[in-house]
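**Q** Starting off with a structure, shown below.
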Amino acid sequence: MQAIKKEEIFPKDTNKTYSLMAIVEGESFHVERGPEDTVQTWPHLLVRELLLFLVVLVVILGVSLLFNAPLEEAANPLHSTNPAKAPWYFVGIQELVSYSAFLGGIVVPIGIVVGLLLLPYLDRNPKGTGVWFSRDRKLANLLFTVFVVAMVVLIIIGQYVRGPNWVMHWPWS
């Protein structure tokens, strides 16, 4: 194959306000050649997914038969529960709001959103990308661990340690 000069493909033009930054030297990818170790989606993948679905369904049905989860009485707007707790996944935020409405309702949620938006810019290390808990991504692992531990602690406090009038009490007392 005859080598083509860069100037033939991209001639210099003095009227342009932009320029080509770089041309990568080397061989091109073989587009027409497909992978050699592939299998069809049907039946291989779909049968495996169906089997996994059935296993998960049986496990969930088994757990639902072992653990009783009765419904409470119908809601009465005249007599609300004391305290009226949010669902377990919002109890951590409710716990923060109980300390300070401004802190738990505005500062922390905005801080979480801004932190999540800034995370790609704070951790720009390409090493360890796609590896669970890579040692090369200490900042991302630390932020994730701190966030999860804080939310779990707040959920446990709100769900099990808060009693009537949102007063702290031990679960066994």
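The values are calculated or read from the model by the stated rules, or taken from the named source; none is laboratory data. Computed from a prediction, not measured in an experiment: that's the story for all the values here. Because the Cβ atoms are built from the backbone with ideal geometry, glycine has one as well, and the counts that use them run over all protein chains shown.
**Q** Does region 70-91 include one or more residues that are of a type in the set (A, V, I, L, M), in a helix (DSSP H, G or I) and out of contact with any strand residue (DSSP E or B) (no Cβ under 9 Å at 6 or more places or on another chain)?
**A** Going residue by residue through region 70-91, those that are of a type in the set (A, V, I, L, M) are 71, 74-75, 78, 84, 86, 91.
Add one more test, that the residue is in a helix (DSSP H, G or I), and what stays is 91.
Those left that are additionally out of contact with any strand residue (DSSP E or B) (no Cβ under 9 Å at 6 or more places or on another chain): none.
Checked region 70-91: no residue is of a type in the set (A, V, I, L, M), in a helix (DSSP H, G or I) and out of contact with any strand residue (DSSP E or B) (no Cβ under 9 Å at 6 or more places or on another chain).
**Q** Same structure, new question: Pairs please, first residue from region 147-160 and touching a residue at least 12 places away in the same chain (Cβ under 8 Å) and within 10 Å of E95 (Cα to Cα), second anywhere and surrounded by fewer than 13 Cβ atoms within 10 Å (Cβ to Cβ) and not basic (K, R), Cβ atoms under 7 Å, 6+ apart in sequence or on different chains.
**A** Qualifying pairs under 7 Å: I155/W88; Q159/W88.
**Q** Let me ask something else. Quick check on region 90-144: of everything there that is surrounded by 11 or more Cβ atoms within 10 Å (Cβ to Cβ) and of a type in the set (K, R), which residue is nearest to Q159 (Cα to Cα)?
**A** Among those residues, the one meeting the criterion is K138.
**Q** Can you find even one residue in region 158-172 that is more than 30 Å from P83 (Cα to Cα) and either of a type outside the set (S, T, Y) or modelled with pLDDT under 85 (or both)?
**A** Initially, region 158-172 is screened for residues more than 30 Å from P83 (Cα to Cα), giving none.
Checked against the condition, which is being more than 30 Å from P83 (Cα to Cα) and either of a type outside the set (S, T, Y) or modelled with pLDDT under 85 (or both), region 158-172 yields no hits at all.
**Q** Here is a further query. Assuming V91 fulfils every condition listed in (1) modelled with pLDDT of 85 or more; (2) more than 25 Å from Y160 (Cα to Cα) apart from one, which condition is it?
**A** (2)
**Q** Looking at region 29-45, is at least one residue more than 25 Å from Q159 (Cα to Cα), under 26 Å from the mean Cα position of the chain (by Cα) and surrounded by 10 or more Cβ atoms within 10 Å (Cβ to Cβ)?
**A** Within region 29-45, one or more residues are more than 25 Å from Q159 (Cα to Cα), under 26 Å from the mean Cα position of the chain (by Cα) and surrounded by 10 or more Cβ atoms within 10 Å (Cβ to Cβ).
**Q** On to the next question. Output yes when any residue across region 131-142 is within 30 Å of P171 (Cβ to Cβ), of a type outside the set (D, E, K, R) and assigned to a helix (DSSP H, G or I), and no when none is. Lay out the reasoning, then the answer.
**A** Applying the first criterion (within 30 Å of P171 (Cβ to Cβ)) to region 131-142 yields none.
No, that holds for no residue.
**Q** Could you check V146 against (1) part of a helix (DSSP H, G or I); (2) more than 19 Å from the chain's Cα centre (by Cα) and say which number it fails?
**A** (2)
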